[in-house]
Amino acid sequence: MEMFNPDTEKTEQQTSSKAMTPTAQSTGLNALSYVQTKVVPLRPDHLERNRIVAYNKNSSMSGAFDLLRTQVLKTMEENGWRTLAITSPTPEAGKTVLAINLAMSIAHHTTKTALLVDFDLRRPKVGEYLGLPMDKSLNELLADEAELQEVLVNPTLPRFVVLPTREPIPLSTEVLSSPAVSHLIADLRERYNSRIVIFDLPPLLSSDDVINVLPRFDCVLLVVANGLNSRKEIEESLHHLGTANLIGTVLNKAEPENRSYY
C-alpha cells in the first residue's frame, strides 16, 4: 500500500478540554451511549498541526486513509480479525499519526466502531496528538488505580474511542508481556463484535516490546518511512514479523502522484 505522507516530527502542547457527559444520543444505527465515557471536544487547529486529517470528511487528504481503511477492513472481515497492531521499523516513521487517522476513518464507517489504544509505553503520543486531557489513562488502569470506563475517551467523533497513555511506563517489556495486558487485549477484543481495536505499538527494532506482545493480536500493519528506513531495517522487521499475520505495509512520507479523478 502506498499512501498519504503524514509527518509526525511536530509535537504540540497538550490542550485541556472539559469533559462532558451527554444525557441522550440519537437512535438508530449511529446511536451510541457514552454515559460512562468522557466526551472531549477536539480542536481542529491542533489536529491539523499534528497531521490528523481523517476527522474531517471534507478534507482532500482523508481519501487516502479511507482507501487504506477499505483494504484493511476487507482483509480483517474475511479472517474474522478484530485487533490490529501498528508498528514501524524505527521511530519517526509516522505510525502514530497513521494509526489515529486510520482509526478515525474506520469510525466514519457506519457499520464499525474503532478503539485506539496507545501501547507505545516508552513514548506515548496518541493523547498528545489529539490534545486529550489525561488525568486518568492507561497508566492508572495498569496500576489498578482506575477502571476501564474511567480511562476511555470519546473525542466527539461518533463510534471512536481512545485509551491514551499519559506518560512512559517503566519496564515496558515486562508490562506488555504480563497477564494483565493479555487480559486487557482479550477484553477489548471480545466486548463488541463490531469494534476494530487498533494498538499503536513501539517501533520493532528499538526494543523487544513488540516481539513479546505481538502474538496477542490478530494482525499487524507495518509502516515504512520513505527515505528513512533502509532495506536492511525493513528485512529485519519482516523477519521479526515472520509468524504474525502481516496485513500489509504502508509506504509513508512518499510524494503523492498527481492523478486525475479517473
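The values are calculated or read from the model by the stated rules, or taken from the named source; none is laboratory data. Predicted model, so just to flag it, every value in this text is computed and none were measured. With ideal geometry, Cβ positions are generated from the backbone for all residues, glycine too; neighbour counts draw on all protein chains shown.
For K95, state whether it is within 23 Å of V181 (Cα to Cα) and either buried (at least 24 other Cβ atoms within 10 Å of the Cβ) or hydroxyl-bearing (S, T, Y) (or both). Yes, satisfied.
The rows are residues; the columns are (1) surrounded by 20 or more Cβ atoms within 10 Å (Cβ to Cβ); (2) hydroxyl-bearing (S, T, Y); (3) closer than 23 Å to M104 by Cβ.
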| site | (1), (2), (3) |
| --- | --- |
| D144 | no, no, no |
| L152 | yes, no, yes |
| N193 | no, no, yes |
| I198 | yes, no, yes |
| P215 | no, no, no |
| L222 | yes, no, yes |
| L238 | no, no, no |
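Of all residues being assigned to a strand (DSSP E or B), farther than 16 Å from V213 by Cβ and hydrophobic (A, V, I, L, M, F, W, C) in region 241-262, which is modelled with the lowest pLDDT? Just the residue, please. So, considering only residues that are assigned to a strand (DSSP E or B), farther than 16 Å from V213 by Cβ and hydrophobic (A, V, I, L, M, F, W, C), the one modelled with the lowest pLDDT is L251.
The criterion of at least 1 residues that are touching a residue at least 60 places away in the same chain (Cβ under 8 Å) and closer than 26 Å to L251 by Cα is met, among helices (runs of 4 or more DSSP H) falling completely within region 67-182, by 95-108, 126-130.
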